[in-house]
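*Asks:* Take this structure, written in structure tokens, and hold onto it; I'll ask about it next.
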Amino acid sequence: MSPHLDPETQRAHKRRNLIHSAALIAGLGALTAASVALLFGPAGVGIVVLVLAATYLLSPRVPPEAVMTMYRAEPVPAHNGGQLARIVDELTRRAELPARPTLYVIPSATLNAFATGTPQRSAIAVTEGLLRKLTMREIAGVLAHETSHIRNNDLFVMGLADLLTRFAQSLSYVAVVLAAVNAMAMLTGDPTIPWWPIVLLYLTPAASSLLQLALSRAREHDADLEAAMLTGDPLA
């Protein structure tokens, strides 16, 4: 075990990561709320929050199996998957997941891996190129990284951030329409809308995207640390 992964360092890292993630989510929410307030006023913020929450909670969840079908991935049998299956079994035990993730192999030469689903029903996919290129120790590290994403429910956090970013992007189209209305009003001599709210609406998607990228980076670093903890092999 690396000396940098002592328990106190791990706890400090988790605290920083939690604060970082909470701050970024709060920043995304604040940008969205400010943009909505410019359009609909304070009352509109509450309505939009309810609509976004209902959209996220009630929208149909794509089953992990359906996602894997899109990539033409083949499942690795849990009872006959050799070393890969045994690694997933052990990582599931160490991570204390409520259910074992189903392992899939994607017929692609690129080096890639990802996880999908929830801790109760999840899947991990690795490409054939990754299996050919990496050693078994390194593959175990990759699988531990994805297992960590599942355990920490990162998919939920990133899904929420993606929803806020997409909503902010839709507001940029409203800003374009308002700018066009302002331009027409200037030509006809009619009263115009202040330009600064329009500019803020237009720039909000860019700021939201940057915050989402920062959140993704924080979650990836945390998954790397936990992968080293789960495998006990940080060098791999």
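*Asks:* For the range 80-135, what relative contact order do you get, as a whole percent, if you take Cα pairs closer than 8 Å and at least 6 residues apart?
*Replies:* Relative contact order here is 31 percent.
*Asks:* Note the angle between two axes, namely the Cα long axis of helix 136-151 and the longest principal axis of the Cα atoms of the chain, as a number of degrees from 0 to 90, rounded to the nearest 10.
*Replies:* 50 degrees
*Asks:* Need the full-extension length gain, Leu203 to Arg100, defined as separation in residues times 0.36 nm minus the C-alpha distance. One decimal, nm.
*Replies:* Full-extension gain reported as 32.8 nm.
*Asks:* With charges only on Cβ, +1 for K and R and -1 for D and E, what is the dipole size of the chain about its Cα centre, in debye, rounded to 20?
*Replies:* In total the dipole reaches around 160 debye.
*Asks:* On to the next question. Hey, what angle do you get for helix 82-95 against the long axis of the chain, alpha-carbon based, 0 to 90 degrees rounded to 10?
*Replies:* Tilt relative to the chain: about 60 degrees.
*Asks:* Glu74 versus Leu50, label points 7 Å from Cα toward the beta carbon: distance in nm?
*Replies:* That separation, rounded to one decimal, is 5.2 nm.
*Asks:* When the Karplus curve 6.51 cos²θ - 1.76 cosθ + 1.60 is applied with θ = phi - 60°, which whole-Hz ³J(HN,Hα) does each residue of the range 174-179 get, with x for Gly and Pro?
*Replies:* Those phi angles translate into 4, 4, 5, 5, 5, 5 Hz.
*Asks:* In deg cm²/dmol and to the nearest 500, what is the mean residue ellipticity at 222 nm of the chain if only DSSP H runs of at least 4 residues count, each as -39500 (n - 2.57), divided by the residue total?
*Replies:* Computed ellipticity for the chain at 222 nm equals -24500 deg cm²/dmol.
*Asks:* For the range 30-37, what does the Karplus curve 6.51 cos²θ - 1.76 cosθ + 1.60, with θ = phi - 60°, yield as ³J(HN,Hα) per residue in whole Hz, taken in order and with x for Gly and Pro?
*Replies:* 5, 4, 5, 5, 5, 5, 5, 4
*Asks:* Just Ala185, Ala144, Ala22 to compare: in a GNM of the chain, with alpha carbon springs under 10 Å, which one fluctuates most?
*Replies:* Highest fluctuation among the options: Ala185.
*Asks:* Could you provide, to the nearest whole Å², the per residue accessible area of the chain with probe 1.4 Å?
*Replies:* 56 Å²
*Asks:* Let me ask you something else. Here are some values of percent of Cα pairs over 29 Å apart: [x] 29; [y] 43; [z] 39. Which one was computed from this structure?
*Replies:* Among [x] 29; [y] 43; [z] 39, the one calculated here is [y].
*Asks:* If you take the charge dipole of the chain about its Cα centre, with +1 on Lys and Arg Cβ and -1 on Asp and Glu Cβ, which of His79, Thr192, Leu143 is farthest toward its positive end?
*Replies:* His79
*Asks:* While we're looking at this one, here's another question. Count neighbours as other Cβ atoms within 10 Å of each site's Cβ, and list the GluC sites (Glu not before Pro) in the range 94-197 that are DSSP loop with at most 11 such neighbours.
*Replies:* Glu96
*Asks:* In addition: List the relative contact order of the chain as a percent without decimals, with contacts defined as Cα pairs under 8 Å and 6+ residues apart.
*Replies:* Relative contact order comes out at 24 percent.
*Asks:* For helix 195-231, what angle does its Cα long axis make with the longest principal axis of the chain, in degrees from 0 to 90 and rounded to 10?
*Replies:* Around 10 degrees separate the two axes.
*Asks:* Roughly speaking, to the nearest percent, how much of the chain's 1.4 Å accessible area is carbon and sulfur?
*Replies:* For the chain, the apolar C and S fraction of the accessible surface comes to 66 percent.
*Asks:* Still on this structure: How far is the Cα center of the range 32-104 from the Cα center of the range 11-27, in Å?
*Replies:* Cα centroid to Cα centroid, the span is 20 Å.
The values are calculated or read from the model by the stated rules, or taken from the named source; none is laboratory data. Quick caveat, the model's predicted, so the values are computed rather than measured. Here the Cβ is made from the backbone with ideal geometry for all residues, glycine too, and neighbour counts use every protein chain on show. These accessible areas exclude ligands, DNA and RNA; they are computed on the full protein's heavy atoms, side chains included. Shrake-Rupley method; radii C 1.70, N 1.55, O 1.52, S 1.80 Å.
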